[in-house]
Every structure is written in C-alpha cells, then in structure tokens.
Amino acid sequence: MDKGYKQGLIAILSCNILWGFLPIYWQSLRPIDSMIIIFYRIVTMAIVCFIIGVAKIGIKDLFKPLFESKKSILIYLVAGIIITVNWSLYIWAVNANYVIQTCMGYYIEPLLICLFGIVLFKEKSNKWKKVAFGIALLGLLVMVIGYRQVPLIAIALASTFAIYAAIKKSVNINPIQSLLYETIFMAPIALIAIIYCEVNKIGAFTVVEPSKIFLLMLAGLFTAMPLGLYSFAANKLPLINVGIAGYISPSISLILGIFLFKEPFDGIQFTAFVIIWIGLVFFTYGEYVEIKNQNMEAISEGC
C-alpha cells in the first residue's frame, strides 16, 4: 500500500465517520431553534472558508474565479441556495427526530445523482446501475405502501443534493473556494437574521448557556473539515473506494437514530432499508465494472 493511497484511505474514513456522528452535534445544540442554527452555520462557514482560502490561496487570487463571468456568479448563487436548502432540511430533520429518514436520503443520493447524469448529461449507464435504481425505487415503494405516505424528507435531501451535484459539474475549482462562493451570497442575509433574532431576544444567546454558544460557533468548522478530508481523499483514491466509503456515514447515523435517539424503526422501515442496501450492492458493482472497463480502454489506447 503506497503512502498516498494510505493517506487517502484515512481521510475518506475520517470524513465519513465525522459525517456519520454529526447528528449528535446538531442535537447537542438544542433548544436552539433549527433556523437559528442554520443562520449561524452559514455565517461561520463563510468565515472558516475565507480564513482557509486566504491561508492557502491568498487574498489576491481568492475571488478571481467568481468574477470570471456573469454565468459564474449565477452558478454559485444557485448552488448556494440549493445547498442551503439541503443543509437546512438536514438540520431541521435531525433536530425533529427524523435521523432515520435522513439516512435513507443519503443512501438514495448516489443513485439519484447517477440518474441525473444519465438524463441531464447523457452519461452512459450499465445494466447494474439500472437494476440498482429500480431496486431503490422498490424500497421507496415499500415505505409508501406501508405507511401510505411518501418519505418526503429522504427524497428532498437526495434530490436537492443531486441537483447541487449537477450544478457543480460545470465547476472545477478548489473546494474551499467553491464553498466560500456558495455561502458568501447567503452570509449577509443570515447575518442580518442573526442580529434581528438576538436583538429581539429570540436568538441563541437568549435560550442557552455560553458552552452551547461556543459549540454553535463550531458549526462552520464541522462543515468544512469533512469536506476538506473528502476533497483530499478524492485526489488520492479510485472513485469506487470513495463511493463505497460514502455508505459509512448514513450507516453510523442509522445506528444512532435507532439506539441513541430511540427513533421508531419497525419492520416496514427495515424492509425498505434492506431493499435499498441490495440496490447499493448492484450500484457499487456497476461502478466497479465501469471503472474497470475505463482502465482497460486506457491500457489499450496506451498500447
């Protein structure tokens, strides 16, 4: 095992373990209202990304890609709105005791991103991925029939992140810069909202002790840190490894939802998850086959 691969493996495992345990952090901020947490997350994220960006890139070049064209500004503005919706829904769901539904959303997410690639970007898909998507739909159907309601939180989380991923496909810059651009448009609005809430005694400082305020100020760091690890790992590891590791975080959160947060988990949910897990096995094998074929083609062209 070479050094770069080992470093990438440590990074991707650390990233997904952090993501998996994040529901504990968000729930530890209670009784702060979810919207207040979201406002602070946006502002602290912008600050953290700005500090890291200045340190790594320098203030002179930090904002250059943003102002390359009007299209760039529009892309980051829309991406910022979509990812803010995704974050907001996730934090609200965790604090409203829907951790298990968020897990389902993040299991479905890679399948939905694959579907977007096929439909929007005319990407090719092998039979294994098509089977995986069909099986995942069957898992959702079990939830719909069993509860006579659609798992809207799971679908909304998966679809907003898939839309975000599709928007980001046209962007290829340092992830810290990208995240800074996405939050910088929302940060002034979030800051005004924070000031309004705190002045009117409905913000975080009114409802919790100083220790929780300190925890709240770490929201941006806890968002940027796993992202940095993910970006580092993506440059060191094959995509198949990154993809498989992505199932670790929702699995940890699922265990937390059942055993720590004591959310109801009955036979219908278990059946739906098992079906989706089977779909993910097909999807993962499809990824493996695709990468293997690409490597074979590259070797053939090299010869």
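The values are calculated or read from the model by the stated rules, or taken from the named source; none is laboratory data. The structure presented is a predicted model; accordingly, all values stated were derived computationally and were not measured. Reconstructed Cβ throughout: ideal geometry from the backbone, glycine too, with neighbour counts over all protein chains shown. Side chains are part of the model used for accessible areas, which takes the heavy atoms of the whole protein and leaves out ligands, DNA and RNA. Shrake-Rupley method; radii C 1.70, N 1.55, O 1.52, S 1.80 Å.
Is there a residue being open to solvent by less than 60 Å² (accessible area, probe 1.4 Å), β-branched (V, I, T) and in contact with a Pro (Cβ under 8 Å, 6 or more places away or on another chain) anywhere in the range 134-149? Yes: the range 134-149 contains one or more residues that are open to solvent by less than 60 Å² (accessible area, probe 1.4 Å), β-branched (V, I, T) and in contact with a Pro (Cβ under 8 Å, 6 or more places away or on another chain). A single member of V78, V94, V85 is closer than 23 Å to I155 by Cα, open to solvent by 70 Å² or more (accessible area, probe 1.4 Å) and part of a helix (DSSP H, G or I), and it is V85. Look at the range 275-298: where a residue is under 10 Å from I244 (Cα atoms) and a partner is aromatic (F, W, Y) and not in a helix (DSSP H, G or I), sitting 6+ places away or on another chain with Cβ atoms under 8 Å, you get L280/Y247.
The numbered conditions (1) more than 26 Å from I258 (Cα to Cα); (2) assigned to a loop (DSSP other than H, G, I, E, B) are all true for L115 except (2). Of all residue pairs spaced 6 or more apart or on separate chains, those with beta-carbon atoms under 8 Å, a first member in the range 194-217 that is under 13 Å from F39 (Cα atoms) and a second member that is polar (S, T, N, Q) and loosely packed, with under 15 Cβ neighbours inside 10 Å are E198/T206. Inside the range 161-186, can you point out the residues that are more than 14 Å from F63 (Cβ to Cβ) and either crowded, with 22+ Cβ neighbours inside 10 Å or hydrophobic (A, V, I, L, M, F, W, C) (or both)? Residues satisfying the conditions are F161, A162, I163, A165, A166, I167, V171, M186. Do the conditions hold for L152, that is, is it open to solvent by 30 Å² or more (accessible area, probe 1.4 Å) and farther than 20 Å from K292 by Cβ? Taking the combined requirement at face value, the residue satisfies it.
Does at least one position in the range 258-273 carry a residue that is open to solvent by 80 Å² or more (accessible area, probe 1.4 Å) and within 19 Å of the chain's Cα centre (by Cα)? No. Could we say that K129 is touching a Cys at 6+ places or on another chain (Cβ under 8 Å), assigned to a helix (DSSP H, G or I) and over 22 Å from S28 (Cβ atoms) here? Here the answer is yes, as K129 does meet what is asked.
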